[in-house]
Structures are given as C-alpha cells and as structure tokens.
Amino acid sequence: PGSRIDGVMHPSKRCIVSGLVCGGEYEARVCFRNAVGAGPFSLAAKLSLPGKKVQTDCIVPAGGAEAFREEDEDEEEDQFEVNKSIPSGPQQPATEQNGGSAETTPLHVIFVVDSSRSMGVQDVSDTSDRRIDMVLQRVEEFVDMHCSHASAKKDVFSFITFSSVSKVHFSNKVAHDASANLKHMRASVVEPAGPTDYVKGLDACLSLGTQEDVAVRIVFLSDGRPGDWNRAAVSWFQRSLLPAFKNLELHTVGFGPDENLFEVLQQMAQLGRGSFQVASLCADQLRSAFTSVAASITLTRLRGTGVSAGVGTAADTGLQRRDLDFTAPLKPSEYVWNGQKQKCVRKSFTWDASCSMLKLQGASQTETVRRSHPHTKGNMRYIFAFWDSSFAETNMVAKETLFQRTSEDVELGFVKCSTVAAHYAESFRRLTGLPLNVVECYLYEAQLPTNAPKDRMQFFCAEPFVSGVFTKWVGNFGFISACFLSEVPACFAHFTYAASDAKLMVSDIQGVFCDGTFTITDPQVLSEDHSFGRADLGHEGMNRFMENHSCGDLCKHLGLDPASRSRLGQNRWAPPANLQPFSGLALASAPSTSGQPSSSHQHRGSPDPQQGNGRHPRPGTLLGDRLPASDLVGVTGARPLRLLFVGECTLSFCASAVQVVGSASSLPWTASELVWPMAGDAATERQTNEKFCKQKGVEVLRQSVDARALRDVGCLSLDGAIWAMPYPDAYSPQAGKPSMAIVETMRELIHGFVIAAAPSLRLDGGRISVLIMSHQHLMWELRSTIVVQGVGTFVPEMRVFSLTPFLDVGYRPRFGDKRDRLGRKASYHHSGEAVLVQWRRQVTSSDAPAGMTDSRLRRRM
C-alpha cells in the first residue's frame, strides 16, 4: 500500500516504461518494491521523495525490469563510493506532456558481421536458415524497432561484412532506410566465403564518416576464433581503433557451436567497454543476445542524459595508472613459455572464522613466468597469462594492479576476499550438496633486483585459469542478474550474510558455470568494519543486496527467508535441524552446451522438454523450478490430499491422476464440469472414466459447476483446487475471436476461478492450480497477485510440470462436447512444455513467491 520515508507515508509508485526491444515492443510496468527493492538505500525510496523524478523514455529489454538490471554490472556495480547513485536536484523528465522526448545523444550503430565460409552452414536450431541468414534477420528486427521510437529518431546505422576482405553494404542510414537495405540484402542472398579475419571488419569501421556529436556503438558478431589476432592486431585495436571514435562502446556476440572459441570476443568487449553475449547456434538465444545488446546501449544512452542507472564512477585513488599494451589471449590448451621470468615466494592462507582472522597456511620458493603483456583487465587489475613451476601442468593467471604502485596489504586484501569466500563455500556445499567452488588465490612476492624497472610489481596475486564464458551473477552494490542461474549465487550471498550474523557478505560473485558446477573467481567481501579493501561498501552494499534479493526455494530450504525463520522461532540464523543436503542441481550443465538426459519413461509423441530438437537442448531447470506429480495429487503426511477438479470434460485428467497416485484407499476427491458431454465418443470416454473414478472413491458431481462460482459445491478445507488445460467452450462469445480476445477471456476465467476457490482452501497450505502450456502462461499473463475479500492475499508461483506420468497411463486432453466441433484438436499439449501456475495464501508481506521466473521460462522456449 505504501512505504514510510522520512516519517511520511507515500503511496506505492509505479513507473510506466514504454520502449522497444530487439524483436518486439512492450509496456513494462516496474513496481519499485519488487523491481528495485524498498528501504532507506533503495532507488525507490530516493525516487519517491518530493522533487525527484525519473526519466522513462528508454529502450527496455525483453523480460522487463529484471532483464534491464542484468546488464547493470562491472563499471556501475563494482565501485568504491556510493555517493553518486542519484543525480542531485530535481530533474524534469522529457515526456509528451512537457514537450517531447528526452535530449539524448544520437548514436551511430555499426554492425560488423562475420561472412566467412562457416557462416553459410545450415545448423541453427529450430530453423532451416543458414547462420548468416538468421543474423541478418535479427539485425533487421533490431533496426525495425528504432523506426518509430522518439529517442532513436536521430540514430544512424551502418552494416559491414568481413572474411578475408570487408564490404560496407550501407553507412549512416536512418532506421527506415537501413531496414530497407537489410531486406534487400536478405532477398539477394549473401554468399559466405573465405577465412575469419577480425581486423578486416574492424578496419572498415574507420572508413565510415561519423559526426562529432554522435556516439558510436559497434556490434561485432562472429561464429569462431580469428586467424589474424596477434599482439600487433591487439595493439592496433587498442591504439588506433578505440581512440578513433567518440564515446565508443564495442559489443560482441558469439554465434557458434563452441563457447571456448570466443576468448577474443570477450577481450574485445572488455577493452571496448561493451558487453559480450553467447548465442550457441540457437535462434532464440540469438534474439536474446541482441536484446541484451539493446539493453546495454539503452543503459548508456540513459547515463548520457544524466539519469544514473546505478552507482557513480569509481573514486579517484590519487595514483597514476599504468598504460600497458595488450596481447592476444592464450587458447585454453596453450602454456606460457616466454615472458618475464622471476623467482617468487608464494603464500597460501586460510580463514579462521572463530577469530575472523586470515592465517598463513604455507610459503614456498618457486620459479614463475609471466607474459610480458596483459590480455585483459578488470576495474582494478591487469590480467596476465602466468606459469608457476610448482603447478607445472596448470594454466594460471596473474593479477597486477592498474596503478604505478601497490603494497602487500592491498594485494593481501584480494587474497583475503577469495579465502573468506572459499571458507563459506565449503559450508554451503556441505549443507546443500550444490557444486559451488571458489578458485584459490595466492599471494606472490617477487625477488626483484635493485635495478628492476619501476613498473615491476613486487606483490601480486595469481590463481588457476578458468576457461569459459564469464558471467556476473551478483554485484557488490545490489545488482542481481536476471540470468536463470543466478538463484544459487544469490542464495550463497544471502547464506554468508546469515552465517556470519550479518557481519559480512560475499558479493561480486562472478565466474563460469560448466558441467553443473559454479566456479567463482575474484569475489568481493562486504564487512561491517570495511576491512576488505576499497571495494568493501560495508552495510550499504549488504542492505542494497537484501532489498533486491527475493528468497527462492533454496533460501527456504536453508531457513534463510523471513517466513522460515519466523516458523522456526529464530532471531539469529542457524541451519534447520536434520537438514538433508540436496543431491545436486537439477541443471546438468550450462544451457549452451548440454541438457538433461531424456527419460526412459518418455511417452511416445511427447518430446522430452529438456532435449528440444535433439541438437540444442533447452536450458535446464534449477532447484524449485519443477513440481513433481506427487506434490500436486499425492499424499501429505499419511493422508491423501483433499482435491477439487474443475473443467474435467471427459474426466481424463482425474482418472489418470488416480492411477498416478496408485492409492488402494478411497480418495477424498471431487470432480466437476460446466457441461458434461452426453453423446458421441466424448460421452463414452466420460462414462468409462466416471465408473473408474467412482470405484476409487472420487465424487463426480452431475450438476453443472462453473469454475467461477464454487460456493454451492460444498467442498471445504481443500488441499487444492485444480483446473487442467482450461480453454473457452463452444458457447463462449470469445471462442471464435482473435487471440487477444482469448487472452482477456482466459485471464478473466482463471482469476475468477482463484477468487471462487480461495474460501474453500485450508488455511495452512492449500493451493489453487492451473495446468497450461508454457506459451499460454506467457501469452495470458496470469502472474498476478489476487486479493480475495475476507480471505487473504494469494500470490502466484509457476513451475515446470511434466505430463509424462499422466500420459503414460492414458491421459488425453481434449475439449469434449461441442468444443470439439470447432475443429480444434487436443494435440496442442504435444507442441511444448506444460507449466503449473499455483496461487497460495501469502503469510506475511515479506513472503515472496518462489518457483521459476518468466524470464527463465522464455529461455527454455
């Protein structure tokens, strides 16, 4: 209803963001409480103050506010100060009401697309198009969305292809003209040929004329590793290309079968202050990649208008930065043989939580080789390929300060962060069984000669090299990625906060997810006494995370969420008694590389939802994303669930549920329908199923029962009310109308069902369940909190639900009676993945919904 700010109650604020994305236009309703948190440090609190206004004319990625926040990382999240989060003084938003759109910096967006021989291969999932054709289609979608958008009306576009030579297809075209050119290119068929030479494509960018007041955004896409990327090429990229454009950002997209081929694209994005995306030869992932690029471009466009999307710029440390030339990154199979050789003392440490002290574990002499030039950098350190004779078979990286000098205490701070994170990761693994590891970090002290150059560092850190695509899941000032993998790292951050009694929190959680394992590197610890270096934002950073974090099933399992701690009567957190570790993640590997094994009990004609088309599996599910059949229709404790089934038509779902439960005792179930089929095949099927259900104790109501009017049914203290595969019947005036009318009708029917069933539920755990297909859930927009007068507030939770157990015993969804005469076949359940949307009573205001997010569901489609 509202929030108390400076002693004054303010109503809840809602910001309507009307914008565009790559692939569609949306109106995103951003509720500050859910999207950016609530509390004294939240953006909501500051924007709710009198005189504070927020710019709303922006391009928003698919997935709404969560996907927008996903890109707010690195430069804006890993900061030393928090005093620049909101611009000072009132701002006048540029809207139609006050005279037009915002004065934004015009952009020159340059697409540089690989046209080498491999781009002509037809191996993109879910389509017969070649790689190059799919890329052209996505670029055209990207540009089309700019045609009518006010904030992008001054933007211009250029398009370059490259292999051993480059070609500028058009340059400096407004969106409408650029779209027409792209349509012509698709119709004329581009013929890929030749090798992959990145420098050819990048060099062509320099030939394009760009006005002085225009900011440049390069979007560079390739499907593999270049053949011309060496130290000279990197030096040219750093010294010639990047300084040639004003306010340049270079975003890269890897669109190929192996993400380990894209280390150069990651380097280019890092040095070019842009983002890196992986699409893995999947049409939907390629659309998502361009959506993320659109989000990154929008974010910097907003920053250019003075609207801060995150924390301010990094604090001036007062130290002069070293200006080093970069070199090409090593391949994962390569070792460091040449470079700066020196003898060092390597020290390893452990964390003693009893006294909160870092303790020396061991020190040893070793010989090392460090490459002469770094291949990338972070916000605070250069990254070099590194070799340690004590770990002769292990590739390593050395991390040296960006500045002219450092000290042992400064470098020890980085080691301290990793050691503390590793300590808590061990406890987290023991309690959850989830494979989350922190890379061990060592402190090195080089034995330098007296005449050593000034830029030689006496102290630095090194750790084993981690191969793969790096992702930031949690920042150090409230950022939590919308990536479907983020639930586990976010829970780990929450766990460290609770396990330390709010004295510290592991943040800045980033790394690689591969083969079902999270490998975390270079974390940051936040502490109450700011004792973990310049990026330790203390309680401000912890509070911002807690305001943005929503506890999922994993937090609830550990007793971390407020509702669990209240039930356990704990003021301070402690692991729940008899806590059983999980067997591991339900997700076997990263979404771009592998999927779940297919079930041996898979029903014929119903494809395994994890496997997709067999070549590029869907992203897997996390813990709590799936609901077993037993949780819906099984037993609770020693008794069977009391259930009401509505919309049963031929009683097919109820009859199959009886067989899934397999109970020998009588089942306290009730089945109903608005209009039972009384003739034809549907009636015969119903009569057979009715006889079977009655034998198992199921009460079949003969009278007409409207799912939106259940008061006279007489079912009380229900464990659940279930509607399987709802759809308007033949008598509905919306049955023959366009899909948008169906959307409105289904939302009205299902929400009416929730309101009608709510008074019949038992107080301690009853649920109202609707079984539908994933695309229906997203289209119908059912995820709404519903307030039932005199009963309570019901929050929605969505989970993936396998129909296989029901199909195996004969379940066949159909319309029955006159609905079958509309010509619709009940085979749509084979075309995708089923989901279960459940509404439950909200216990407290902090009792957040669990289950799968819509953004993760979209990634699976």
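For the reader, a short list of remarks on this structure follows.
- The slack between Ser665 and Asp177, meaning 0.36 nm per residue of separation minus the straight C-alpha distance, is 168.6 nm.
- In this simple spin-label model, placing a label point 7 Å from the Cα along the Cα-to-Cβ direction at both Leu778 and Glu744 gives a separation of 2.4 nm.
- Once the C-beta distance of Val410 and Arg430 is scaled by a Förster radius of 45 Å, the resulting FRET efficiency is 0.90 to the nearest 0.05.
- With each label modelled as a point 7 angstrom along the Cα→C-beta vector, the Val675-Cys355 pair spans 8.1 nm.
- Potential lengthening between Phe470 and Ser164 on full extension [0.36 nm per residue; Cα-Cα distance subtracted]: 107.2 nm
- Cα-Cα over 21 Å, subset of Lys347/Lys399; Lys167/Lys200; Lys154/Lys246; Lys331/Lys416: Lys331/Lys416
- For Trp236 and Gln122, a Förster radius of 41 Å and the Cβ-Cβ distance give a FRET efficiency of 0.75, rounded to the nearest 0.05.
- For the range 408-431 versus the range 322-348, the spacing of their alpha-carbon centroids is 24 Å.
- What the range 678-725 shows is 57 Å² of accessible area per residue, with the surface traced by a 1.4 Å probe over protein heavy atoms.
- Theoretical FRET efficiency, 1/(1+(r/R0)^6), r = Cβ-Cβ of Glu212 and Arg322, R0 30 Å, to 0.05: 0.50
The values are calculated or read from the model by the stated rules, or taken from the named source; none is laboratory data. This structure is a prediction, so every number in the text was calculated from the model and none was measured. Cβ atoms come from the backbone with ideal geometry, glycine included; neighbour counts cover every protein chain shown. What goes into the accessible areas is simple: the full protein's heavy atoms, side chains included, and nothing from ligands, DNA or RNA. Shrake-Rupley method; radii C 1.70, N 1.55, O 1.52, S 1.80 Å.
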